[in-house]
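K.L.:
Structure incoming, see below.
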Amino acid sequence: MVDIEKMNGKYKHSNPIEDMQSSVGAFVFDLIELAELQGKLLKADAKLAVRKSIGTAAAIAISCCCLMGCLPVLGFGLASVVAYYFELEDWIAQIAVGGSFSFMSVLIATIAFRNITRINQQFHRSMDEFSKNLTWAKNAFNRESER
């Protein structure tokens, strides 16, 4: 027969839908925390990669300095060619070649400097938004799992 105590409400059956919702919420919360940890790991790896690449960057800087040391010799050679073919005096050809090199260098440096400042701003904005979204998602799923 039917147990009267269970019928009077003293015995509460678990609701399978609520159990499933809380399990899914807890699982998604754990997944979000895992994604957050992966993001922190990626950040730590990026810092380590930058530290390890300092030697390579130094080698590139030294190579660029050597290349810059070769530019005056190449400039004088190019000025000699210009003076010979256009029948100019050496000093006029040297000024023309040096002025052209200087103009191109300033133009390239200006464009590069503008681009590098824009890259830094974009990175901070996306990291802030990612953090806000991740916090929101964790809070939303954590509330769902507590129900």
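K.L.:
Using a Cα distance threshold of under 17 Å, what count of lysine pairs results for segment 17-146 when pairs must be 8 or more residues apart or interchain?
P.N.:
4
K.L.:
Something else now. One quarter of the convex hull surface, Cα atoms only: what value does that give for segment 17-146 in nm²?
P.N.:
12.1
K.L.:
Can you compute 3J(HN,Hα) from phi for each residue in segment 31-39, using the Karplus curve 6.51 cos²θ - 1.76 cosθ + 1.60 with θ = phi - 60°, rounded to whole Hz and x for Gly and Pro?
P.N.:
Values, residue by residue: 5, 5, 4, 4, 5, 5, 5, 5, x Hz.
K.L.:
Please turn the phi angles of segment 40-55 into ³J(HN,Hα) values with the Karplus equation 6.51 cos²θ - 1.76 cosθ + 1.60 (θ = phi - 60°), one per residue in order, whole Hz, x for glycine and proline.
P.N.:
These are the phi-based 3J(HN,Hα) values: 5, 5, 4, 5, 5, 5, 5, 4, 5, 5, 5, 4, 6, 8, 4, x Hz.
K.L.:
Further question: How high is the FRET efficiency between LYS40 and MET20 when r is their beta carbon distance and R₀ equals 30 Å, given to the nearest 0.05?
P.N.:
Here the calculated transfer efficiency is 0.45.
K.L.:
Could I ask something else about it? Please work out how much length the chain gains when fully extended from PHE103 to GLU129, using 0.36 nm per residue of separation minus the C-alpha to C-alpha distance, in nm with one decimal.
P.N.:
5.3 nm
Throughout, read-outs are computed from the coordinates displayed, never taken from laboratory work. What you see is a predicted model, and the numbers here were worked out from it, not measured in a lab. Ideal geometry is used to build each Cβ from the backbone, glycine not excepted, and the neighbour counts take in all protein chains shown.
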